[in-house]
Each structure stands twice: as C-alpha cells, then as structure tokens.
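One structure below.
The values are calculated or read from the model by the stated rules, or taken from the named source; none is laboratory data. Since the model is a prediction, treat every value here as computed from it, not as a measurement. Positions of Cβ are generated from backbone atoms using ideal geometry, with glycine treated the same way; all protein chains shown enter the neighbour counts.
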C-alpha cells in the first residue's frame, strides 16, 4: 500500500476521536454503575477464545460473523469474539459455578467479519446484562425493565422520542412445528422463510409436505402489531396449547411494560426470528425513531451452559454502546480547563494536585501556549496560586 494510504482503516472499522471516545466512556461507566445497583456484577471476558467454546450452541449466524485464526501454541482454531453472550454463559456455568440466581454485566469491543447492516460497523462495543438460574418470567421482566432503565439513563427518549419495544416468543413457532412430525430440512426451510417473512417461499415449502401447517404458518407471518394481535393469535392458535402458553408470557410483558412505562410503545411480532436463532423463549428488541436497526436486543436462551457442563436458565440483553451513544442526547458543555504555567514551584504542584483531585482538568503549558480548551489560568497571588479567567486571545 502506498505510504499516503496507510492511514486508511478497513471497511466497517472505525476509531473514536477524543470527544466521541469521552462520550462513549462516560455512558459506559454510567450504565455499568446502574447495572451494579441492580445487583449485576461486572466481568471481563477475554478478547479471543477457542471457537469450540466461543461459537457452540449459538447458531450459524455467529459462526459466519466470527473472525478466526489458528493458535500457534495449540494448533486449535481461535476466534475474536463477535458476541460476548456465549463467553458470559461460560463464565456462569464453569468459571463461577454458583448456585441460585447469578446476575452478570459486561462491556467490551467485539469484531464482525462483515457489517450486519448498511449503517452498522464491524467493531461494536457491546454492553449487556445476563441473569442466570431463574426460569420464571420474573427474570425476563427484570432484564426488560433494566434495559428500559438504561435507555432512560442514556437520554435517548428526549433526543429521539419514545422507545418502541418489539416483543415476540420463539415458543409460538416451536409449538406450531412440534404439533406435526417434520424433518430437519423442512424445518430449516420454514425457519429461513419466516426469518425473511417470505410468504411465497413459506407456502412452497409447506403446501406439499405439510398442508395442515399452511394456514397456521401463513397466519403467523401476519401476527404482528399492537396488543390486539394477542386476541387474533389466540384464535388462530387455539388448537396448540404450547403456543397459548407462550402467548400468556407475551401478554404479561405487555401488561407490565404498559403499567411501568406508559410512554413506551409495544409492538408484538410473533414471527420475528431474525437474529434470535439460539433463543428459547421471550425475545425482545428496543427501537428508536430514526434508527433503522434495534439499539438493544435480548431474550431467553436457556441451557446454553449445558455445553460447558451445566444447564442453566438464562435471559439477558445487549447494546452496541457506540450506536447507543450516537442516539443519546447531546452532552452538556464540558467544564472549562485550567491552564498551569511551567514552574518548579512546589506550591503550584500542590495546587494542581488539589484541583485535579477535586475533579477539575488542569493542563500545563507546553511550548509557550496554553491549551485552547483552557478558560482559566493559575496565577500567583502573594503566597497562593489562584484561578483567574484566561484573557481572550491569550490561548491562541
């Protein structure tokens, strides 16, 4: 590559300049502090792992997204994490191995082999929370409530208007398929057609092999919208008890969110399977006006820990922290910096330490000019160093 092109980054890979990086880090700290107040303990999984633990149980989509390379020490294949969820599941199941409910949160960079959408980059900073050891819907309700609380903390509502919570349940789809005997190839074809919401492909798969499924599955594609969808779904799926049980859980989410967050719009989509291949129950996503992709996704994924020797109920969610920061309200005007002159005076050094410990930013003059972000300057007044306004033009 020519020397004048060495500054170029790979497609989909970005860097955060000081103001952006500061905003992301400020939000990261605030959200993780909030998670801690809910009882979620912070973990830091490794950037790379062996792919046989990094990818297991979580679907082909994650395999395609993961960048892989051979480990020179062991000869095994390693991968750079594309999703931190399986890593946290491994920590819960194996590294911690606790009994009862375990709440964990995390934040870190991930890498995708390709962008997932036209607007998404390949290096999201993922922040999320996972709750293990509780199969009850109370756990799902808690993580949804936490997700909405973090969105509120990020000031997305003021900047973009009310949040829309998209809710579904893979148990509806699974109960429909379990109501008949079906081979794996046909099941995969149906899943693919539902992911793409392609009625022609769906009808082509089931019209010949399983005509009794045709009406139910075609209706499933249309079961999306407001709370009225639940009544239509109960009528359409009345002969499938497992589907009705799943609908009860969706309705409980709708009622709980409506009571606690009347400004949150709830959208029900009972055929929403895209991106949820490894989920086993409720699935949900948060959307903001003006953003084509979800700012948060989550759901239940029971028993992923079984591959690590311990089956555990699990539910959780994750944000792309960079996208969430971009969706947040503009930051407040930063506090003015203080300029300190070059000096070996121990009193000045003590005053600078005092100011920094109190939370102020002090930049020492280098090269004869104050930093342009400085609005005050330390000057000696008799036996003390005091802050005074920096004269206009003095920092130029």
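A few comments on the model shown:
- Residue count for segment 191-204 under the criterion of being closer than 16 Å to residue 168 by Cβ and assigned to a helix (DSSP H, G or I): the result is 3.
- Whichever residue in segment 176-196 is over 29 Å from the mean Cα position of the chain (by Cα) and touching a residue at least 40 places away in the same chain (Cβ under 8 Å) and, among such residues, is surrounded by the fewest Cβ atoms within 10 Å (Cβ to Cβ): 178
- The criterion of at least 1 residues that are under 30 Å from residue 192 (Cβ atoms) and modelled with pLDDT under 90 is met by the following helices (runs of 4 or more DSSP H) wholly inside segment 1-110: 51-54, 60-65, 85-90.
- Looking only at segment 204-242, and only at residues there that are at pLDDT below 90 and touching a strand residue (DSSP E or B) at 6+ places or on another chain (Cβ under 9 Å), the one that is nearest to residue 179 (Cα to Cα): 223
- The C-beta contact set for segment 133-147 (first residue outside the structural domain of residue 246 (by TED's automatic domain parsing), second residue in a helix (DSSP H, G or I), distance under 6 angstrom, 6+ apart or interchain) comprises 137/249; 137/252; 141/256.
- Number of residues in segment 297-328 that are closer than 20 Å to residue 94 by Cβ and in a helix (DSSP H, G or I) equals 5.
- Going through (1) at positive phi; (2) surrounded by fewer than 20 Cβ atoms within 10 Å (Cβ to Cβ) one by one, residue 299 falls short only on (2).
- Looking across segment 223-242 at every residue that is surrounded by 15 or more Cβ atoms within 10 Å (Cβ to Cβ) and within 28 Å of the chain's Cα centre (by Cα), the one that is nearest to residue 286 (Cα to Cα) is identified as 224.
- Conditions (1) in a loop (DSSP other than H, G, I, E, B); (2) surrounded by 18 or more Cβ atoms within 10 Å (Cβ to Cβ): number failed by residue 253: (1)
- Segment 156-176 - residue that is modelled with pLDDT under 80 and in a helix (DSSP H, G or I) and, of those, nearest to residue 24 (Cα to Cα): 156
- In segment 126-141, the condition of being surrounded by fewer than 21 Cβ atoms within 10 Å (Cβ to Cβ), part of a helix (DSSP H, G or I), under 19 Å from the mean Cα position of the chain (by Cα) and modelled with pLDDT of 90 or more is met by at least one residue.
A quick yes/no check of all residues on (1) in contact with a strand residue (DSSP E or B) (Cβ under 6 Å, 6 or more places away or on another chain); (2) closer than 21 Å to residue 300 by Cα:
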| site | (1), (2) |
| --- | --- |
| 43 | yes, yes |
| 48 | yes, no |
| 66 | yes, no |
| 74 | no, no |
| 82 | no, yes |
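- Out of 352, 377, sole residue that is in a helix (DSSP H, G or I), crowded, with 16+ Cβ neighbours inside 10 Å and modelled with pLDDT of 90 or more: 352
- Considering only residues in segment 328-342 that are closer than 16 Å to residue 377 by Cα and at pLDDT below 90, the one that is surrounded by the fewest Cβ atoms within 10 Å (Cβ to Cβ) turns out to be 335.
- Qualifying positions in segment 279-327 - under 17 Å from residue 171 (Cα atoms), under 16 Å from the mean Cα position of the chain (by Cα) and at pLDDT below 85: 279
- In segment 29-53, the residues that are under 19 Å from residue 328 (Cβ atoms), surrounded by 15 or more Cβ atoms within 10 Å (Cβ to Cβ) and out of contact with any helix residue (DSSP H, G or I) (no Cβ under 6 Å at 6 or more places or on another chain): 32, 35
Per-residue answers, yes or no, for (1) outside any loop (DSSP other than H, G, I, E, B); (2) modelled with pLDDT under 90; (3) out of contact with any helix residue (DSSP H, G or I) (no Cβ under 7 Å at 6 or more places or on another chain):
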| residue | (1), (2), (3) |
| --- | --- |
| 246 | yes, no, no |
| 258 | yes, no, yes |
| 262 | no, no, yes |
| 274 | no, yes, no |
